[in-house]
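Quick notes on the structure that follows.
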Amino acid sequence: MTVKNNNLTPSRYILFTVCADQDTVARVIDGCAFVADTEFAGEFHDYISRNKRPQFSQRVKDSTTCVAIIDFDRDPEQAAVTAQILHQMFAGRIATVAISERNETDLLLKAMRAGCGEFLSRPFDLAKFTEMMERLQLRFAAVAAAEIPKNAGNIISLFGAKGGVGTTTLAVYLAQSLVVEHRKKVLLIDRHHQLGHVCLYLGLKENPYYFDELLRNVDRLDVELLAGFLTHHPNGLDLLPSPYTCAARYGSSSRDMEQVLEFLRGEYDYVILDSSLEYQDVNSAIVDSSNQVYLVATPDVAALRDLSRHVENFGLDVTAAYKVRIVLNRSSSHDAVSKEQVEAAVRFPVSVSIPNNYAELIRAINAGEPISLQRRSEFTGQISKWSGRLLHTDTEEVTPKRKRLAFWK
């Protein structure tokens with residue numbers, strides 16, 4: 001490492017380069033003079049790998065806020081590895097910046113997935129450099145502020161008793177109601193390994209960054225990394241979608257899921273998680289992390305048979321059982337199976353009953369424009385009541401009924 005600045009005066013932001021050409025290094029040094037509280041600590045001439053790690057100066061080791069500018073032109077693969085290792089070595093206190101002459105989507109995606117939250121183009125632009133440093137300073141300040149103890153948010157998970165019962169639809173409208181009607185900071189997670197529908201329902205452009213990728217990067221998860229993965233709806237709702245293409249399932253661990261959800265709880269008032277009961281590897285972690293767990297079913301024999309089995313399974317865990325709530329979707333007075341029959345069959349009360357609004361919801365999905373919550377109807381009214389109940393501590397004790405009526409036989 002060639003040290004360019006021997007000034008040991010304390011500085012909040014320590015900056016160094018990796019494999020950058022001399023012209024870039026010189027311009028970065030000049031640029032530091034235009035950014036308050038920024039010190040250039042030197043340059044590394046080689047990429048960093050697991051087998052080849054440099055000797056950092058004490059100034060860099062002691063810094064609480066580092067910025068590394070990494071050249072992605074010489075070797076994009078090694079540059080990506082360098083960014084990942086730096087995030088492991090300086091967990092939570094480094095921002096990595098990719099610099100390249102190329103502005104190609106594949107390169108940007110590689111840099112982003114390696115943890116680079118900023119990208120600089122060549123030729124070096126001083127104005128863009130100073131703007132970037134100001135953004136990073138704001139992010140570091142936000143991270144420092146986040147370390148101040150604050151109230152933890154609520155995690156609300158929704159599971160369908162079977163496919164096609166409308167779990168995603170309800171998750172979308174519940175999240176929207178919390179944002180639009182109650183002005184809460186809300187994150188909606190599409191926890192499916194492929195072909196997610198949340199962006200489609202909200203009329204949003206598909207995002208190449210999705211929730212499973214966040215799980216893969218749990219070791220370097222911070223506010224900056226999260227910001228790069230989020231999709232934003234105009235009404236203020238944040239989303240972490242699932243892949244919109246066919247994809248292999250990512251085998252995440254319960255520990256990873258718990259860590260990610262605990263981090264997200266600290267960033268949002270409510271985290272709404274649309275998931276599936278088929279993901280046995282992480283469902284226990286989701287349930288343990290959740291404040292409330294909603295099982296969604298429709299008033300038909302197939303869905304209610306499956307619902308009964310799932311309720312029995314949750315009942316094996318006393319802690320989980322007291323979190324479980326039943327949502328009866330697409331209900332009406334003409335259903336062959338009444339709400340009372342459902343409660344008798346599953347030995348659990350129905351907490352939320354959503355009226356059938358199937359035709360209008362399908363039209364909204366096809367148009368890519370959700371039904372306005374200001375448009376009063378039985379459906380929007382029940383969604384509003386549901387979100388309103390979430391704002392208060394739910395003291396309802398769920399007491400299983402003794403007699404079970406298996407009416408589907």
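The values are calculated or read from the model by the stated rules, or taken from the named source; none is laboratory data. Here the structure is a predicted model, which means the values were calculated and not measured. Cβ sites come from the backbone with ideal geometry, for glycine too, and all protein chains shown count toward neighbours.
Quick notes on this one:
- Test: Ala141 is modelled with pLDDT of 90 or more and either touching a Gly at 6+ places or on another chain (Cβ under 6 Å) or assigned to a helix (DSSP H, G or I) (or both): no
- If you go through region 186-197 and pick out every residue that is within 16 Å of the chain's Cα centre (by Cα) and over 18 Å from Ser290 (Cβ atoms), you end up with 4.
- Residue within region 114-137 that is among the β-branched types (Val, Ile, Thr) and either part of a strand (DSSP E or B) or not assigned by TED's automatic domain parsing to the domain that holds Asp62 (or both) present: no
- Taken residue by residue, region 158-165 has at least one member that is at pLDDT 90 or above and under 30 Å from Val296 (Cβ atoms).
- Among the residues making up region 276-310, those that are within 23 Å of Ile189 (Cα to Cα), modelled with pLDDT of 80 or more and not polar (S, T, N, Q) are Ala285, Ile286, Val287, Asp288, Val293, Tyr294, Leu295, Val296, Ala297, Leu307.
- Neighbours by Cβ (under 6 Å, 6+ apart or cross-chain): first from region 84-101, in the same structural domain as Arg220 (by TED's automatic domain parsing); second buried (at least 19 other Cβ atoms within 10 Å of the Cβ): none
- Selection of region 64-89 for residues being out of contact with any Ser or Thr (no Cβ under 8 Å at 6 or more places or on another chain) and among the hydroxyl-bearing types (Ser, Thr, Tyr) yields Thr64, Thr65.
- At least 2 residues being of a type in the set (Val, Ile, Thr) is the threshold, and among the strands (runs of 3 or more DSSP E) wholly inside region 1-113 those reaching it are 13-18, 66-71, 94-100.
- With respect to (1) in contact with an Asp or Glu (Cβ under 8 Å, 6 or more places away or on another chain); (2) free of Cβ contacts under 8 Å to residues at least 60 places away in the same chain, the lone exception for Ile29 is condition (1).
Let's see how each residue does on (1) surrounded by fewer than 18 Cβ atoms within 10 Å (Cβ to Cβ); (2) more than 26 Å from the chain's Cα centre (by Cα); (3) outside the structural domain of Val165 (by TED's automatic domain parsing); (4) basic (Lys, Arg):
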site: Val324; (1), (2), (3), (4): no, no, no, no
site: Leu328; (1), (2), (3), (4): no, yes, no, no
site: Glu340; (1), (2), (3), (4): yes, yes, no, no
site: Ile354; (1), (2), (3), (4): no, yes, no, no
site: Glu369; (1), (2), (3), (4): yes, no, no, no
